[in-house]
Amino acid sequence: MPQSIFTAAVNWQSRESDTFLGGERRACGRRLVGALPAAASAERRGAVYPSGAARHTLHPRENEPMLGRGMRLLAGGNRTAVLLAGLCLAGALAGLAGCKGFFMPQGNGPPPSAGGNNLYVANSNNYIAGFGVSATGALTVLSNSPYNNGISAISLAVTPKNSYLYASTSNGIYEYAINSDGSLTVQNSGTPVAQDVIATAMQVDSTGGYLLAAGLGSATGAQSIGIYQIGSTGALTPLGGSPLLLYQGSGASTPSTVLPTAMLITPSNSLVYVSLANLGVQVLTLSSGGGLSTGNSPTILPPSSKSSGPADYGLASDPNSKFLFVGELNTGLRVLSIGTTGALSEISGSPYAAGTGPKGVMVDPTGAYVYVLNYGGNNISGFSLNAASGQLTAISGSPFSSGGLAPVAMVSDSSKKYLAVVNSGSNGSNGNNDLQLFSYSTTTPGALVAGSTATTGSDPTNPQAVAATHPTT
């Protein structure tokens, strides 16, 4: 495939990768120390930057929600086949440019018991940045961060016991051990532990036994979900029937192919929801043995009929798995009651107005507040949640600035005191922060208070995903 097709498909412009020798990065990172001039505010003190790092310059559309920067949603058309080919070519190109040359050290086997409050950010320049979060909300760079993944990661997932981090790419899913200091050690000799799904969304179930990965099937090119058993060393073994084909539309002579935009395993660990853009949200059931089922026929929540050009993106649930929250383009935030079989019914008052391009949705750990990440508005809409009815009330001061441009992902830290947001816009004069940490106001319930910020590497970093270690108690 010509390089021009790949560039058009994934909207990337690639530059040369680092050179590697025997798996070791020859272009060593440098640590910035001492006082920084005001003009260098984009380079945070203590950050580790790779010299000569691979860079991918992205061109996000400011008014278009993105499925992770560099990959524009091509909903319901033949162009998705081109996108799949482009993603596969990305893996091939990265392999030629040093896909196996991960940041040392490498290892195989279970890591020490991982602890600490850590954040991991996937940059589109092939690096994964790691940060520790202190009790006061200060951010510190983890040892040897950023870690050269050799290829841009699309999504991240951490196991419940904080033993392993999975990074999905166009070349497959890679595994890292999370060490006791939060640093990462690549596993499986730096080769993928699964390659049958190009995953755009991943999550480990609450037992820590299974990884679910929604994306495009490598063999079919259609929206699918992979189900993998996690071994004692973090290795992945696909279950029978994996990857499972997802909904492709009804009544059409040609099936619609879309990139899954989000996936959620409910806190009850029995239901799985997958956002399929303009096709809606698919409902699946999850058994204790990792079995995933669509039922006799796919159960679908279609996008709102009251909107023009709606498409579903972010997903979240309250701690009791009673309500599902869906960020929907051109609609806002939908709130749905979850039935015993996972069936959904819209509550009175839904949908609720949010900002431009509601991409991500998160319920705070207490279940009292719901936040919507607005990609096009560069802000976060906040609501208080009525736990009984599911009805929402806007928080005073909402929306809150995301701290940067084109926010793409957010997550709660393991202390449950902070909310972390990654902004995909370019750093520099626009005042963009790659990583913005928020605390919760002590005077205005649910209001977000901007705190620490960090640059996640050498610009352009263009982060597109974030994951956090889980609470250990």
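All of the numbers you see were taken from the coordinates with simple rules; none came from a lab. Since we're looking at a predicted model, the values are computed, not measured. Note that we place each Cβ from the backbone using ideal geometry, even for glycine, and neighbour counts take in every protein chain shown.
May I ask you to order 127-135, 349-357, 336-344 by the average number of other C-beta atoms within 10 Å around their residues, highest value first? Display every interim value, and only then the final one.
Working: 127-135: 22.4, 349-357: 20.0, 336-344: 15.8.
Taking the mean over residues of other Cβ atoms within 10 Å, the ranking is 127-135, 349-357, 336-344.
Expressed in nm to one decimal, what extension gain is obtained for the pair residue 348 and residue 293 from 0.36 nm per residue of sequence separation less their Cα-Cα distance?
Numbers: separation 55, 0.36 × 55 = 19.80 nm, distance 2.95 nm.
In short, 16.9 nm is gained.
List 120, 440 from most exposed to least, where exposure is judged by having the fewest other Cβ atoms within 10 Å. Don't skip to the answer; put the middle values down first.
Values: 120 29, 440 19.
The most exposed by this proxy come first: 440, 120.
Once you have all Cα-Cα distances for region 200-303, histogram them in 10 Å bins from zero and send the whole-percent values.
In order of increasing distance, the bins hold 16, 51, 28, 5, 0 percent.
Could you state the orientation-averaged shadow area of the convex hull built on the Cα atoms of region 295-370, in nm² to one decimal?
Numbers: hull surface 22.2 nm².
For the Cα atoms of region 295-370, the hull's average projected area reads 5.5 nm².
For a quick protection proxy, order the peptides 231-244, 306-319 by their average other-Cβ count within 10 Å, most packed first.
The densest-packed peptide leads the list: 306-319, 231-244.
Once the piece of chain linking residue 181 and residue 285 is laid out straight, how much longer is it, given 0.36 nm per residue of separation minus the C-alpha distance between them?
The span from residue 181 to residue 285 would gain 33.8 nm if fully extended.
With a point put 7 Å past each Cα toward its Cβ, work out how far residue 135 is from residue 415 in nm, to one decimal.
0.8 nm
Could you give the radius of gyration (one decimal) and Dmax (whole number) of the Cα atoms in region 115-176, in Å?
Rg then Dmax for region 115-176, in Å: 11.9, 38.
Note the full-extension length gain between residue 229 and residue 340 as 0.36 nm times their separation in residues minus their Cα-Cα distance, in nm to one decimal. Working shown, then result.
Details: separation 111, 0.36 × 111 = 39.96 nm, distance 2.57 nm.
The span from residue 229 to residue 340 would gain 37.4 nm if fully extended.
Defining a contact as two alpha carbons under 8 Å apart and six or more residues distant in sequence, what relative contact order in percent does region 132-238 show?
Values: 229 pairs, mean separation 20.0, N = 107.
It rounds to 19 percent for region 132-238.
Modelling each spin label as a point 7 Å along the Cα-to-Cβ direction, I'd like the residue 270/residue 189 distance in nm, to one decimal.
4.4 nm
What's the center-to-center distance, using Cα atoms, between region 384-418 and region 288-333 in Å?
Region 384-418 and region 288-333 have Cα centres separated by 19 Å.
Efficiency by 1/(1 + (r/R0)^6): what FRET value for residue 219 and residue 443, r their Cβ-Cβ distance, R0 = 35 Å, to the nearest 0.05?
0.05
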